[in-house]
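The values are calculated or read from the model by the stated rules, or taken from the named source; none is laboratory data. Everything numeric here is computed off the predicted structure, so don't read it as measured data. Here the Cβ is made from the backbone with ideal geometry for all residues, glycine too, and neighbour counts use every protein chain on show. The area values use the complete protein model at the heavy-atom level, side chains included, leaving out ligands, DNA and RNA. Shrake-Rupley method; radii C 1.70, N 1.55, O 1.52, S 1.80 Å.
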Amino acid sequence: MRTVLLGDSHLARLRRELDSFPGEVRNAAEGGASSRDLMGQAAAVGVRESDVVVLSVGTNDAAPWKHVPMPEFAQTLSMLAASHAPRGWVFVAPPGVVEARLAGARDRTNAVIDDYREAVIEVAGQVGGRVVRTDLLLAPLGAKAFADDGVHLNGAGYRVLVPAIVAACGAIP
């Protein structure tokens with residue numbers, strides 16, 4: 001069995017934590033990736049029927065300079081799920097951002113990220129995937145879960161998030 005990570009920097013930044021995931025781990029996630037990058041990542045790693053696929057997108061899709069329209073975002077997630085049949089899916093919902101820390105006035109907002117999160121949850125439901133509600137897990141930590149840039153998670157955030165992802169992977173029969 002393999003655990004395959006696809007998506008953005010929320011997974012790409014995992015290194016030391018990879019030992020806690022079940023089986024061999026293939027991390028194809030990349031910083032800055034959006035839903036438009038998923039098919040290429042999946043092809044590069046060669047998703048298999050025995051794999052558990054962990055997917056994290058939405059934060060970059062919500063960035064004004066990338067802005068993936070919501071219908072395209074949902075369709076891309078659905079197409080990925082339809083074109084690959086792993087043993088199971090774990091969808092890591094976008095955590096949101098600390099708006100006060102973002103550099104530009106025209107940056108991501110939590111209101112926009114909420115829409116992408118809802119689309120992730122909906123697609124996960126359609127394909128029988130498990131959802132890790134990062135926003136809810138990190139809520140007790142608030143801004144303390146995020147790096148100084150307000151977008152990426154820090155060590156405290158990952159100490160909460162990674163066990164939840166690992167548990168979701170382990171719950172797949």
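For the chain, the carbon plus sulfur part of the accessible surface works out to 53%, probe radius 1.4 Å.
Full extension of the segment from Glu118 to Ser50, taken as 0.36 nm per residue of separation minus the current Cα-Cα distance, would add 21.7 nm.
With K and R counted +1 and D and E -1, the other residues having a Cβ less than 15 Å from that of Glu30 yield a net charge of +2. The calculated FRET efficiency for the pair Gln126 and Arg87, based on their C-beta separation and a Förster distance of 22 Å, comes to about 0.80. What shape does the range 52-97 have by the C-alpha gyration tensor, where a ≥ b ≥ c are the square roots of the eigenvalues, rounded means a/c under 1.5, and otherwise prolate means a/b greater than b/c and oblate the rest? Here the range 52-97 falls in the oblate category. Taken along the Cα-to-beta-carbon direction at a fixed 7 Å, the label points for Ala43 and Glu72 span 1.8 nm.
Amide H contacts under 5 Å for Phe146: Asn154, restricted to partners 5 or more places along the chain or on a different chain, H placed in the peptide plane at 1.01 Å from N. Apply 1/(1 + (r/R0)^6) to the Cβ-Cβ distance of Arg159 and Ala100, taking R0 = 25 Å, and write down the FRET efficiency to the nearest 0.05. In this case the efficiency is close to 0.65. Accessible surface for the chain, divided over its residues, is 45 Å² per residue with a 1.4 Å probe. Accessible surface comparison of Val47, Val97, probe 1.4 Å, protein chains only, largest first: the order is Val47, Val97. Largest first, the three principal axis extents of the alpha carbons in the range 8-167 are 43, 34, 25 Å in whole numbers. Which residue fluctuates most in the GNM of the chain (Cα springs below 10 Å): Pro86, Pro22, Pro140? Sorting by GNM fluctuation, first place goes to Pro140.
A helix-only calculation puts the chain at -11500 deg cm²/dmol for mean residue ellipticity at 222 nm, using -39500 (n - 2.57) for each DSSP H run of at least four residues, averaged over all residues.
Spin-label model, Ala111 to Ala167: label points 7 Å out along the Cα-to-beta-carbon direction sit 3.3 nm apart. Note on the range 99-173: with charges restricted to the Cβ of Lys and Arg (+1) and Asp and Glu (-1), its dipole about the Cα centre is near 260 debye. The simple spin-label model puts a point 7 Å past each Cα toward its Cβ; for Arg36 and Met79 those points are separated by 1.2 nm.
Give me the angle, in degrees from 0 to 90, between the Cα long axis of helix 155-170 and the longest principal axis of the Cα atoms of the chain, rounded to the nearest 10. Relative to the chain, helix 155-170 is tipped by roughly 30 degrees.
Find out how many positive minus negative residues lie around Val160, taking Lys and Arg as positive, Asp and Glu as negative, among other residues whose Cβ is under 14 Å from that of Val160.
Local charge sum for Val160: +1.
The Cα atoms of the range 1-86 give a gyration tensor whose axes a ≥ b ≥ c have a/c of 1.5 or more with a/b no greater than b/c, which makes the shape oblate.
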